[in-house]
Amino acid sequence: MSGGKSLEDLGVSSTILAKIKEAGFKTLESVAVANVTELASIVGIPLPTAHRIVTKARELLGLTLKTALDLKKEKGALPKIQTGSRRLDELLGGGVEVGTVTEFFGEYGTGKTQLCMQLSVNVQLPRDRGGLEARAVYVDAEGTFRWERVEAMAKALGLEPEKAMANIYWIRAISSDHQMALVEEVAELIPKEDIKILVVDSVTGHFRAEYPGRENLAVRQQKLNRHLHQLSRIADVYGIAVVVTNQVMARPDVFYGDPTQAVGGHVLAHAPGVRVQLRKSRGNRRIARVVDAPHLPEGEAVFAITEEGIRDIEE
Ligand code: GTP
Ligand code: MG
């Protein structure tokens, strides 16, 4: 995958393009890493032409020398999807970021699914209201997505409910293999349908059910890693927000430290992205904490799950 870019974008004549393909170069990546001299001789083109082609491929893939300032401009300008709670947004550095996998993990009832549905609605808002004027894909591995809830959240924001519901593509994943295949298929939809958020709720459920216990841990972890890699590649290549949930059970056998440091809680610990732990508080209040993210402010944010959806707490 190259963000929808292909060899055709090299802008070379159809004769040269055909030769490049015949020589076995199928992707822009393969051209970008080719040795110029070899490319020239295999394809049968002059050296300067080969050089131009390799340079162009690298440009198309964004593999060019950059300054730290360039990085700041690119990264700093990354759009965010707001959550509905200003405090939670601040904790996340403005909201859920595109180009990144964000994981919400916590016990049952901590608001993971509510946040996913809220973000699927909010992504549709205009930019000045914290959205990206785009659509959502919701991969539902638990069967807990509720259109009624989406309708209520949309109404509360003054969006036309039917329109908002039509902008969320929903699909049920029935096994881990199905889930991985779906994500691959859905990727094709992303540029065509102007998708800016892909939700996988939950990302771990099927894997845990299919590979239970310690004896299966290694296989489960390996497969899950593949899935997570696939998801971060999609976030990166398509520049969309990927939001995943991970139910983590409190461990009764842990008496000190954090009791939700968890059965399977380390599963995603090494995957790139932002990890947000959710905890229950009084009534409809929930507490969010970002873990292992040196670029984000430390601390916690309290938010509420209300009739309208995710909101700041009233004081
Ligand atoms: P698991 O999937 O079981 O791990 O939980 P979760 O973290 O996904 O929890 P979820 O997002 O489903 O949050 C459930 C909580 O949201 C409930 O305990 C309710 O407090 C709240 N909630 C869900 N639906 C509504 C609703 O329609 N109105 C209001 N006010 N609160 C709701
Ligand atoms: Mg849930």
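Matching residues to (1) within 34 Å of the chain's Cα centre (by Cα); (2) free of Cβ contacts under 8 Å to residues at least 60 places away in the same chain; (3) over 26 Å from Val98 (Cα atoms); (4) open to solvent by 90 Å² or more (accessible area, probe 1.4 Å):
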{"site": "Gly11", "(1), (2), (3), (4)": "yes, yes, yes, no"}
{"site": "Lys19", "(1), (2), (3), (4)": "no, yes, yes, no"}
{"site": "Ala32", "(1), (2), (3), (4)": "yes, yes, no, no"}
{"site": "Val54", "(1), (2), (3), (4)": "yes, yes, yes, no"}
{"site": "Lys66", "(1), (2), (3), (4)": "yes, yes, no, no"}
{"site": "Ala77", "(1), (2), (3), (4)": "yes, yes, no, no"}
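Among the residues making up the stretch 164-191, those that are open to solvent by 10 Å² or more (accessible area, probe 1.4 Å), of a type in the set (A, V, I, L, M) and under 23 Å from Glu148 (Cα atoms) are Met165, Ala166, Ile168, Ile171, Ile174. Condition (residue is loosely packed, with under 15 Cβ neighbours inside 10 Å, touching an Asp or Glu at 6+ places or on another chain (Cβ under 9 Å) and in a helix (DSSP H, G or I)) applied to the stretch 192-200: is it met by at least one residue? Among the residues of the stretch 192-200, not one is loosely packed, with under 15 Cβ neighbours inside 10 Å, touching an Asp or Glu at 6+ places or on another chain (Cβ under 9 Å) and in a helix (DSSP H, G or I), which makes the answer no.
Being within 16 Å of ligand 1 (Cβ to nearest atom), open to solvent by less than 30 Å² (accessible area, probe 1.4 Å), within 26 Å of Ala304 (Cα to Cα) and in a helix (DSSP H, G or I): is that true of Met153 here? In short, yes. Among residues of the stretch 82-110 that are within 18 Å of Ile197 (Cα to Cα), those with a Cβ under 7 angstrom from a residue that is assigned to a loop (DSSP other than H, G, I, E, B) and of a type in the set (Ser, Thr, Tyr), sequence gap 6+ or separate chain, pair up as Asp89/Thr83; Gly95/Thr83; Val96/Thr83. A single entry from Leu115, Leu91 fulfils the requirement of being within 14 Å of ligand 1 (Cβ to nearest atom) and open to solvent by less than 30 Å² (accessible area, probe 1.4 Å): Leu115.
This table checks each residue for (1) modelled with pLDDT under 90; (2) assigned to a strand (DSSP E or B); (3) aliphatic (A, V, I, L, M); (4) in contact with a helix residue (DSSP H, G or I) (Cβ under 8 Å, 6 or more places away or on another chain).
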| site | (1), (2), (3), (4) |
| --- | --- |
| Ile234 | no, no, yes, yes |
| Met249 | yes, no, yes, no |
| Gln261 | yes, no, no, no |
| Leu278 | no, yes, yes, yes |
| Glu298 | yes, no, no, no |
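Scanning the stretch 118-138 for residues that are within 14 Å of ligand 1 (Cβ to nearest atom) and crowded, with 24+ Cβ neighbours inside 10 Å gives Gln118, Leu119, Ser120, Val121. Could you tell me which of the residues Ile171, Ile197, Ile190 is in the same structural domain as Thr83 (by TED's automatic domain parsing) and either modelled with pLDDT under 95 or among the polar types (S, T, N, Q) (or both)? Just a single option satisfies the conditions, and that option is Ile190. Of the set (1) out of contact with any strand residue (DSSP E or B) (no Cβ under 9 Å at 6 or more places or on another chain); (2) buried (at least 19 other Cβ atoms within 10 Å of the Cβ); (3) modelled with pLDDT of 95 or more, all apply to Thr83 but (1). Please determine whether any residue of the stretch 50-62 is closer than 30 Å to Gly131 by Cα, of a type in the set (Asp, Glu) and modelled with pLDDT under 95. Yes - at least one qualifying residue is present in the stretch 50-62.
Residues that are outside the structural domain of Glu193 (by TED's automatic domain parsing) and among the charged types (D, E, K, R) are absent from the stretch 77-98 altogether. The residues on offer are Thr64, Thr102, and the sole one that is away from ligand 2 (no atom under 16 Å from the Cβ) and of a type outside the set (A, V, I, L, M, F, W, C) is Thr64.
The values are calculated or read from the model by the stated rules, or taken from the named source; none is laboratory data. Given the structure is predicted, the values throughout are model-derived calculations rather than measurements. Positions of Cβ are backbone-derived with ideal geometry, glycine not excepted, and every protein chain shown enters the neighbour counts. Note: accessible area is taken over every heavy atom of the protein model, side chains too, but ligands, DNA and RNA are not part of it. Shrake-Rupley method; radii C 1.70, N 1.55, O 1.52, S 1.80 Å.
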